[in-house]
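> Quick one: the structure is below, and I'll ask about it shortly.
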Amino acid sequence: MQISADEQFTYPQHIIEKIEISPRDVQDILETLDTSKAVGPDGVNPKLLREASSELAEPLSKVFNLSLLLKIFPEQWKVANIVPVFKKDDPKSVNNYRPISLLSVISKVFEKCVYRYLHNFIVENNLLSQHQSGFRKGDSTVNQLLFITHEFSKALDASNILLNESETDPEKQLTLIDLEYCSYNYRGFDFGNHFCEWTYNYTEEKFPNFTCKPECYPSKEEQYQFFRDYLTEKRRLRNDRSEITEDELLTLYKEATVCAVASHYLWGIWSIVQLEICNIEFGYLVSIINRFILKINSFMISFLHFVSDTAQPNEAVETRKI
């Protein structure tokens, strides 16, 4: 049974039904305008807007709401004055200047009003990752540094980090090991393993620290698109201008389907090993059951359907190295 692309992924429906900007919203922003900023093409000075904030708040809120209602952003607000700003070195060289766009101050007030609603909606519905620190109030790169340090510590406990103390160069002392790429894999395994990972989410905070959605496994059409991109890039590197054939796509599809099962066996065995030696909190036992029982059964069923549909008489499914 083929699952369409639209059925593959389901996301929570978070919709802002309506944005209605109040005069108070506009006045709050007008009162905080930086009067030292340059004016835009319309010539409206931010100092004027700030000084007359109480008088302009209501008419501007009506204009902003009308723009949202009609879904029209005024063309005049899309125009900008481009000013070259000197960076460094030779001031006579054009390359040492960067362009700055001076937009209408009123358009930026409108933007800030909408931003408030969007930001509050995103925060209230918890739509941002907890690891997103940039441009967030009360957060900073310090938090990211602490998080990365913690992740390094966990990797060190799991023996995924080697520290060569005999090496004098600090950049060469630290070696990160991704066990998945310690060996040279068949391309079919890389494809199959990649497609299997589409179904897993390892960012869950609660036990078993992962979720699995088999319905997210890519359809045949999605896999073919992936293969086309792969073959296109491979041809580009080899200066090969030949057309991609259906036989090539079918061969890759066969390899990926066979190796997807092998991928589950591999990571199932990995979970058994980690269950004994690793002290990182993770549902290894649940992973074993998921990989060996639930997933293998479903993939074997789909594989048998696949073989009956695609294999020719006396045709063997082969894998090749890249």
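> ³J(HN,Hα) across the range 23-28 via Karplus (A = 6.51, B = -1.76, C = 1.60, θ = phi - 60°), whole Hz, x for Gly/Pro?
x, 5, 4, 5, 5, 4
> Would you mind ranking Lys254, Lys108 so that the residue whose beta carbon has the fewest other beta carbons within 10 Å leads the list? Numbers along the way, then the final one.
Numbers: Lys254 21, Lys108 16.
Ordered by Cβ neighbours within 10 Å, fewest first: Lys108, Lys254.
> Please list 3J(HN,Hα) in residue order for the range 198-203, calculated via the Karplus relation 6.51 cos²θ - 1.76 cosθ + 1.60 where θ = phi - 60°; whole Hz, with x for glycine and proline.
Working through the residues one at a time gives 4, 8, 10, 10, 9, 9 Hz.
All of the numbers you see were taken from the coordinates with simple rules; none came from a lab. In this text, all values refer to a predicted model and were calculated from it rather than measured experimentally. Note that each Cβ is placed from the backbone with ideal geometry, even for glycine, and that neighbours are counted across all protein chains shown.
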